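Engineer: I am attaching a structure below and will ask some questions about it afterwards.
Values in this text are rule-based calculations from the coordinates and carry no lab data. Nothing here was measured: the structure is a model prediction, and the numbers come from that model. Ideal geometry is used to build each Cβ from the backbone, glycine not excepted, and the neighbour counts take in all protein chains shown.
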Amino acid sequence: MKRGEKNNDLETAINQLKKQKNAVILAHYYQKGEIQDIADYVGDSLALAQWAAKTTADIIVLCGVHFMGETAKVLCPDKKVLIPDVNAGCSLADSCPADRFAQFVKEHPGYTVISYVNTTAAVKSVTDVVVTSTNARQIVESFPEDEKIIFGPDRNLGNYINSITNRNMLLWDGACHVHEQFSVEKIVELKAKHPDALVLAHPECKSTVLKLADFIGSTAALLKFATKSDAQTFIVTTESGILHEMQKQSPDKTFIPAPPNDSTCACNECSFMRLNTLEKLYHCLKYEHPEIEVDLEIAKKAVKPIKRMLEISEKLGL
Ligand code: 13P
Ligand code: SF4
C-alpha cells in the first residue's frame with residue numbers, strides 16, 4: 001500500500017470489531033491522520049478525559065500515549081482500556097519520576113500540588129488537582145493569590161502560567177522533548193518568508209519561542225483560534241498531527257508546521273504518539289491487548305485530583 005492510500009479493509013474490520021465489542025475509540029490530535037479519521041472522538045487531553053469519564057462503552061481504545069490511557073483507566077476502573085502500542089510513553093511524564101516527585105512534595109509541607117495531566121498515575125496520586133493546558137490558567141487562578149503551589153512537571157507551562165497569573169509557583173524541572181525542540185531562528189526565517197502568517201504556539205514551548213507567538217494555547221485552543229481567525233496562513237508550533245484537523249476544518253487556509261532545531265525535517269512529530277498505527281489499533285481491538293493497568297491503591301488516590309479537575313472544568317464551561 002502506498003503512503004497516504006486508504007486501507008479500507010482495515011477500517012471496515014476496525015469498525016466491525018468496535019460495534020461487536022461495544023468499544024469506543026478516543027484519539028488525541030497528535031495521532032496519525034488515519035487514526036484521527038477512524039476515531040469516535042478526537043480531542044485534546046482534557047476532552048479525552050471528559051469523554052472517558054462519560055462513555056457507556058465496555059472498552060475504551062485510547063489512541064494517544066500511556067498517561068492518557070492511565071487517566072481513562074483511573075476514571076473507569078471497571079472498563080477495559082486498551083492502547084494500540086504500550087510503548088507510547090511521554091518524555092514529559094518520564095521527566096517526573098513518582099518517587100522523586102513525592103519526596104519533593106514531602107520537602108515542601110503546606111504547598112498545594114498541581115500536576116499537569118502529562119504525568120503517571122503515581123504522580124497524580126500525590127497531587128491535589130490535575131490540570132491540562134486548556135484549564136491550567138483558570139485552575140491556578142481559582143486558588144488565592146498567596147497560595148503556596150508546587151507545579152509539575154512542565155517548567156515551560158509552569159513559567160508561562162506564572163507569567164500570566166502573576167504567581168510564583170514552585171516548578172518541577174521537566175519538559176517535553178518535542179516542544180523544547182522548536183527553534184526561534186527557524187520560526188523567524190518562516191515569518192520572513194510568510195510575513196502575514198500568524199504564529200500559534202503550545203505553552204509547552206520555551207519562553208523564547210512563546211515570545212514570537214500571536215496566540216498561545218492548548219491543541220484545542222489553537223485549533224479553535226485558527227478556525228475562527230480571518231488570517232489565511234499559520235505557523236503551527238506544536239506537534240504536527242494537529243495540522244490534520246486544522247486543515248480539515250479550514251481547507252482554504254495554509255498551515256505551516258514549525259520545524260525543530262536540530263534536523264532537516266520540516267515538522268516536529270512526537271515519536272511516542274506516532275507509535276500507534278491503524279494495524280496496531282486493529283490488533284489491539286481484536287485481541288484486547290495491550291491493556292492499561294493501574295495499581296488499585298494508586299488509582300484510588302489518583303482519581304481524586306482528576307475528578308477535581310473535571311468538576312472545576314465543568315463549572316467553568318470548559
Ligand atoms: P493538549 O492536548 O492538552 O494541548 O496537550 C498536548 C500534549 O502534549 C499532549 O501530549
Ligand atoms: Fe509527551 Fe511531548 Fe509527546 Fe505530548 S508531545 S506526548 S508531552 S512527549
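Engineer: Which whole-Hz couplings ³J(HN,Hα) result when phi for each residue of segment 270-284 is put into the Karplus expression 6.51 cos²θ - 1.76 cosθ + 1.60, θ = phi - 60°, listed in order with x for Gly and Pro?
Structural biologist: Calculated HN-Hα couplings, in order: 8, 4, 6, 4, 7, 5, 6, 10, 4, 4, 5, 5, 4, 4, 5 Hz.
Engineer: Can you find, among Pro290, Thr208, Thr254, the residue farthest towards the positive end of the dipole of segment 201-307? Put +1 on the C-beta of Lys and Arg, -1 on that of Asp and Glu.
Structural biologist: Thr208
Engineer: Please name whichever of Thr55, Ile161, Leu171 sits farthest to the positive end of the charge dipole of the chain, dipole taken about the Cα centre and charges placed at Cβ: Lys and Arg +1, Asp and Glu -1.
Structural biologist: Thr55
Engineer: Would you mind counting up the charge near Arg308? Only other residues with Cβ under 13 Å from its Cβ, with Lys and Arg at +1 and Asp and Glu at -1. Intermediate values should be presented prior to the final figure.
Structural biologist: Values: positive: Lys124, Lys301, Lys304, Lys307, Lys315; negative: Asp128, Glu311, Glu314.
Value of the local net charge: +2.
Engineer: Sticking with this one: Could you order the peptides 123-131, 137-145 from most to least packed, using the average number of other C-beta atoms within 10 Å per residue? Intermediate values should be presented prior to the final figure.
Structural biologist: On the way: 123-131: 25.0, 137-145: 14.9.
Ranking the peptides 123-131, 137-145 by packing returns 123-131, 137-145.
Engineer: Output wanted: per-residue J couplings in Hz (rounded whole) for segment 144-158, from phi through Karplus 6.51 cos²θ - 1.76 cosθ + 1.60, θ = phi - 60°, x for Gly and Pro.
Structural biologist: These are the phi-based 3J(HN,Hα) values: x, 4, 9, 4, 7, 10, 9, 10, x, x, 8, 5, 6, 4, x Hz.
Engineer: Would you work out which of Ser313, Phe67, Phe151 lies farthest towards the positive end of the dipole of the chain, given +1 charges on the beta-carbon of Lys and Arg and -1 on that of Asp and Glu, about the Cα centre?
Structural biologist: Going by the charge dipole, the pick is Ser313.
Engineer: Please get the size of the charge dipole for segment 128-245, origin at its Cα centre, with Cβ charges of +1 on Lys and Arg and -1 on Asp and Glu, quoted in debye to the nearest 20. Intermediate results must be reported in sequence, preceding the final value.
Structural biologist: Values: 11 positive and 16 negative charges, 48 e Å.
Computed charge dipole of segment 128-245: roughly 240 debye.
Engineer: Net charge around Met169, counting only other residues with Cβ within less than 10 Å of its Cβ (Lys, Arg = +1; Asp, Glu = -1)? Display every interim value, and only then the final one.
Structural biologist: On the way: positive: Lys148, Arg167; negative: Glu147.
Result for the neighbourhood of Met169: +1.
Engineer: Net charge near Ser133: determine it from the other residues with C-beta under 10 Å of the C-beta of Ser133, scoring Lys and Arg +1 and Asp and Glu -1.
Structural biologist: Its environment carries a net charge of -2.
Engineer: Just how large is the dipole of the chain about the Cα centre, in debye to the nearest 20, putting +1 at every Lys and Arg Cβ and -1 at every Asp and Glu Cβ?
Structural biologist: Dipole about the Cα centre, nearest 20: 380 debye.
Engineer: Taking 51 Å as R0, compute the FRET efficiency from the Cβ-Cβ separation of Ala231 and Leu296 and round it to 0.05.
Structural biologist: Between Ala231 and Leu296 the formula returns 0.55.
Engineer: What are the ³J(HN,Hα) couplings of segment 31-40, residue after residue, when phi is run through the Karplus curve with 6.51, -1.76, 1.60 and θ = phi - 60°? Round to Hz, x for glycine and proline.
Structural biologist: So the Karplus estimates, Gly and Pro as x, are 6, 4, x, 5, 6, 4, 5, 8, 5, 6 Hz.
Engineer: Below 8 Å between Cα atoms, with a sequence gap of 6+, how large is the relative contact order for segment 113-184 in percent?
Structural biologist: Across segment 113-184, relative contact order equals 28 percent.
Engineer: Which value at 222 nm does the chain reach when only helices count, each DSSP H run of 4 or more adding -39,500 (n - 2.57), with the total divided by all residues and rounded to the nearest 500 deg cm²/dmol? Don't jump to the answer; show the numbers that get you there.
Structural biologist: Numbers: 16 runs with 140 residues, N = 318.
Result for the chain: -12500 deg cm²/dmol, rounded to the nearest 500.
Engineer: Using Cα-Cα distances under 8 Å and only pairs 6 or more residues apart, what relative contact order does the chain have, in percent?
Structural biologist: Contact order relative to length: 22 percent.
Engineer: Kindly rank 10-16, 158-164 from highest to lowest mean number of other beta carbons found within 10 Å of each residue.
Structural biologist: 158-164, 10-16
Engineer: Once you place label points 7 Å from the Cα toward the Cβ at His194 and Asn166, how far apart are they in nm?
Structural biologist: The answer from the label model is 3.6 nm.
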